[in-house]
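These notes concern the structure reproduced below.
All of the numbers you see were taken from the coordinates with simple rules; none came from a lab. Bear in mind that the values here come from a model prediction, so they are computed numbers and not experimental data. With ideal geometry, Cβ positions are generated from the backbone for all residues, glycine too; neighbour counts draw on all protein chains shown.
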Amino acid sequence: MTRTGVVYHPIYMEHETDGHPERKERLTAILDKIRSEKLDVEWITPRPATVDQVATIHSPKYIDQVKAVCERGGGFLDVDTVVSRASYDAALMAAGGAMAAIDAVMDGSEGAFALVRPPGHHSMPHRGMGFCVFNNVAIAAKYAQTRGLKKVLIVDWDVHHGNGTQAVFYEDKSVLYFSTHQYPHYPGTGRVDEVGYEEGLGTIVNVPLPAGTGDDGYMMAYREILRPVALEFGPDIVLASAGHDPHKDDPLGGMKMSTDGFGAIAGLVKSIADECCDGMLAASLEGGYNLEAQAESVVSELRAFQGSVPSISGTDERVAQRIEEVKKVQSKYWNCFKA
């Protein structure tokens, strides 16, 4: 195995957002923390996604719209989502960064993390929203399949539900989408009974968590729901939408996770990749708006990719009730939950 890959390109800093919570300092803080901690990583420079690759997820009309707004000097894609002159190129490179992480793990990296912006998991096929322009992880999933990896697991631990990713794969049995998220919260999707449609039934697994959930509750959801479903699904690669806004210090979330909690989640997800697909786990950055908390959480995840995983073993009664709801709904589709 080679070292853990970290994907980065300076054009991500040129996505100017002028005081917006999703700002370039988020990446500066992460980069500074990785370097100050002297992590043993391999830095990877990505190539931009092609328009055809983006069009595996997004409509040509929407892609043209983003390009046109940026060429005019920038503006808003929706009330929350701002772009600048360089944002179209940055968004192509963000999708390319997620794909580069896939290339890295297929070439033997011990996990890979794409430090990209703008983020992606709220972006729908025909519109951007929630700070997101192109859906990086969804584009990367389609790219992985062009490289022969048929079954893709996407794990999303952002505080907000990845409604865009869910929408893209709602009828696709080849992609299993698992999300933990605060509920009720933006964007309002991600209920237990949102499970996919027709051939995709059961391949959407939502675990909506109550505000105030901390490390113990999160790890219960990952141990008791994600792990058995993922092992039954048997992915050829694991992708992660790595958002750090469930951190207790994040200004946009209401959760209580610690830095160690993110490392524990990453370690469990990496163990699934180790058992199912030769350790191929490729993460892409999503939300997280407290600069120090996010930087420390990313470092904790990178250490977990390398085998240093915090131990968390407590319980949360509120989450235990939600887990039983999820098992009941998903037992129609997964043998691991059948009585």
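Quick notes on this structure:
- Which listed residue, of Ala98, Ala138, Ala104, Ala112, is more than 18 Å from Gly287 (Cα to Cα) and crowded, with 24+ Cβ neighbours inside 10 Å: Ala104
- Residue within region 83-98 that is over 20 Å from the mean Cα position of the chain (by Cα) and in a loop (DSSP other than H, G, I, E, B) present: yes
- Selection of region 38-74 for residues being under 20 Å from the mean Cα position of the chain (by Cα), within 13 Å of Phe134 (Cα to Cα) and of a type outside the set (A, V, I, L, M, F, W, C) yields Pro48, Gln53, Thr56, His58.
- Residue list for region 117-145, restricted to those being outside any helix (DSSP H, G or I) and closer than 21 Å to Glu199 by Cα: Met124, Pro125
- Residue selection: Pro60 satisfies the criterion of being free of Cβ contacts under 8 Å to residues at least 12 places away in the same chain and more than 30 Å from Asp278 (Cα to Cα).
- When Glu286, Glu301 are checked against the criterion of being touching a Ser or Thr at 6+ places or on another chain (Cβ under 6 Å), under 13 Å from Trp157 (Cβ atoms) and not basic (Lys, Arg), Glu286 stands alone in meeting it.
- Here the condition is being outside any loop (DSSP other than H, G, I, E, B) and small (Gly, Ala, Ser); of Ala293, Ala339, it holds for Ala293 alone.
- Number of residues in region 160-188 that are within 16 Å of Leu209 (Cβ to Cβ), in contact with a helix residue (DSSP H, G or I) (Cβ under 8 Å, 6 or more places away or on another chain) and among the polar types (S, T, N, Q) equals 2.
- Residue within region 305-315 that is in contact (Cβ under 8 Å) with a residue 40 or more places away in the chain and either crowded, with 24+ Cβ neighbours inside 10 Å or in a strand (DSSP E or B) (or both) present: yes
- Elements of type helices (runs of 4 or more DSSP H) in region 146-254, at least 2 residues being under 13 Å from the mean Cα position of the chain (by Cα) and under 19 Å from Phe134 (Cα atoms): 163-168
- Any chance Gly287 is small (Gly, Ala, Ser), closer than 16 Å to Met220 by Cβ and surrounded by 20 or more Cβ atoms within 10 Å (Cβ to Cβ): no
- Ile34 being in a helix (DSSP H, G or I), in contact (Cβ under 8 Å) with a residue 40 or more places away in the chain and closer than 25 Å to Ala140 by Cβ: yes
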